[in-house]
1. I'd like to verify a number: residues in segment 185-228 that are under 26 Å from residue 256 (Cα atoms) and among the charged types (D, E, K, R), how many?
2. Does any residue in segment 183-197 that is more than 22 Å from residue 89 (Cβ to Cβ) come within less than 8 Å, Cβ to Cβ, of a residue that is among the charged types (D, E, K, R) and crowded, with 18+ Cβ neighbours inside 10 Å six or more places away or on a different chain, and which pairs are these?
3. Quick one: in segment 294-319, of everything that is under 18 Å from residue 246 (Cβ atoms) and of a type in the set (A, V, I, L, M, F, W, C), which residue is surrounded by the most Cβ atoms within 10 Å (Cβ to Cβ)?
4. Among the strands (runs of 3 or more DSSP E) lying completely within segment 76-194, list those that include at least 2 residues that are under 19 Å from residue 34 (Cβ atoms) and open to solvent by less than 60 Å² (accessible area, probe 1.4 Å).
5. Against the definition (free of Cβ contacts under 8 Å to residues at least 60 places away in the same chain and in contact with a Gly (Cβ under 8 Å, 6 or more places away or on another chain)), how does residue 176 come out, yes or no?
6. Across segment 19-53, what is the number of residues that are open to solvent by 70 Å² or more (accessible area, probe 1.4 Å) and under 19 Å from residue 111 (Cβ atoms)?
7. Before we move on, is residue 62 of a type in the set (A, V, I, L, M, F, W, C) and open to solvent by 50 Å² or more (accessible area, probe 1.4 Å)?
8. Can you work out which of the residues in segment 34-69 that are among the aromatic types (Phe, Trp, Tyr) and modelled with pLDDT of 95 or more is farthest from residue 335 (Cα to Cα)?
Amino acid sequence: MVEKKDIEWGKLGFAYQPTDLSYVSIYKDGEWGEGTLTPDHTVTLSECSGILHYCQEVFEGLKAYTTKSGDIVCFRPDQNAKRMHNSALRLCMPPFPEDRFVDAVEKVVKANAAWVPPFGSGATLYVRPLMFATGEVIGVSPATEYQFRIFVTPVGPYYTGGVKPVKVRISEYDRAAPHGTGNIKAGLNYAMSMKAGVEAHEGGYADNLYLDPQTRTYVEESGGANFLFVDKDGKLVVPQSFTDSILPSVTRRSLVEVAKSYLGMEVVERPVKFQEVRDGEFVEAGMCGTAAVISPVGEVDEGDKHYVLASGMEEVGPVMKKLRETLTGIQSGKLEDKFNWVHKIDVD
């Protein structure tokens, strides 16, 4: 049994705290190096590095948990490996091999097992893989050298006071261009959403709801999460994009399977017109992602118009509540894992 760090786990926020070791591998001369664990959490770059000029950078986010039985696990790291592979290809970066990605996650979590919060604390170990261009470039072209790293940090629960409905607004900005990079997990997409996010928070909103950049009539996603809706017939409605500008969230895809296989729900994946929200066609809504799993949405504002879901701002809707409880139950080992999603880390 690994002795845990002496930390007040219940008081952790969602902030970076250095742990014992990170993982690093270098791409040079056309191949990825062996990779190693390192106590050095700093990065030294040339002022001419590709990341600083042309934003060649992709990243992922997942978590390690302590289950009810005491095991340390991650949730579907193979899906993060696949998504990072696709993100790298889109930005002309050499993909880090998917099998090595999962192995690296195992190594760095095992090396920092003492930092994985205990079961029942509400906290988790956040795992952040990232890849960026270190090679020097002046002209607009892909770099020839890259670095792949994984750092981990313990974080508290996304909702410190319990899960509560949030309010979002329609953004006047677009998150991504049609047929652009909206469907990959790259830092450049998040940089584009920061101004809109700051303005939303200043206005008392949890996030923005972005409409499709081509026609501005269809629901896309928020600044960092996918949307889900429940219609009047009890079906789970999952927005899709005509222009492939929605990030394929691992959490969203998992919740779709949970809805079908655990809750027996009918799931419809289709483009969703915002007019349907205006017309009150949905009784519940939520934003889903790694950090919160599901953030229930009780209200969507469009300028001075306020559209309140039937579930309201006081209580979490029954479907969003059940979806969240079921997925977190699978992750923590409280519920049966029908799909072998939970990836055990051998720390003995």
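The values are calculated or read from the model by the stated rules, or taken from the named source; none is laboratory data. Small disclaimer: the values here were computed from a predicted structure and weren't measured. In this analysis, Cβ positions are derived from the backbone assuming ideal geometry, glycine residues included, and neighbour counts consider all displayed protein chains. What goes into the accessible areas is simple: the full protein's heavy atoms, side chains included, and nothing from ligands, DNA or RNA. Shrake-Rupley method; radii C 1.70, N 1.55, O 1.52, S 1.80 Å.
1. 6
2. Short answer, once both residue conditions are applied: 193/175; 196/175; 197/207.
3. Among them, the one singled out is 297.
4. So the answer is 124-133, 146-155.
5. Taking the combined requirement at face value, the residue does not satisfy it.
6. 6
7. So residue 62 does not fit the description; no.
8. Restricting to residues being among the aromatic types (Phe, Trp, Tyr) and modelled with pLDDT of 95 or more, the top hit is 54.
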